[in-house]
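Undergrad: Have a look at the structure that comes next, please.
Nothing in this text is a laboratory measurement; each read-out follows from the coordinates by a stated rule. Small disclaimer: the values here were computed from a predicted structure and weren't measured. No Cβ is skipped: glycine too gets one built from the backbone with ideal geometry, and neighbour counts run over all protein chains shown.
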Amino acid sequence: MHERQKLESSPPTYTYLKDEVFQICRYCHTGRRPYLFNYQDIQAVVVPGKPEESKLFEMVSSGRMPKGGRLSNKKIWAIYYWIKNGAKND
C-alpha cells in the first residue's frame, strides 16, 4: 500500500503533526507567531474538510514553507488528510 493510501485510510492526528511535522516550523514560528503549536490558533490557517482552501496546505504544498527546504511528500499528505478529515484535535 502506498504511503498516501495509508494516510487516507488512517489520517494523522494533530498530536502527530505537532510532534513530527511542525517541529521544523519552530525555527521561524516562535515568539509572536507560534500558532502551529496551539490547536486553537492553527484554526486561523485551516478550513476543516477543505485542504485546498487552507492556507497551511497551500503554503507547504507550494514549497513556500518551510523556509530553507521543502517538507517530504509524506508530511505534506499528512497535513492534507488531517485537514480533509476535519482537522480535529485529538
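Undergrad: Please arrange Ile83, Ile76 by counting, for each residue, the other beta carbons lying within 10 Å of its beta carbon, fewest first.
TA: If I rank by nearby Cβ atoms, fewest first, I get Ile76, Ile83.
Undergrad: Grab the other residues whose beta carbon is less than 13 angstrom from that of Val60, score K and R as +1, D and E as -1, and report the net.
TA: +4
Undergrad: Consider just the alpha-carbon atoms of segment 3-84 and return their Rg together with their Dmax, both in angstrom.
TA: Both quantities, over Cα of segment 3-84: 11.8, 36 Å.
Undergrad: Let me ask something else. Can you work out ³J(HN,Hα) from phi for every residue in segment 19-25, in order, using Karplus 6.51 cos²θ - 1.76 cosθ + 1.60 and θ = phi - 60°, giving whole Hz and x for Gly and Pro?
TA: 7, 10, 9, 7, 4, 5, 6
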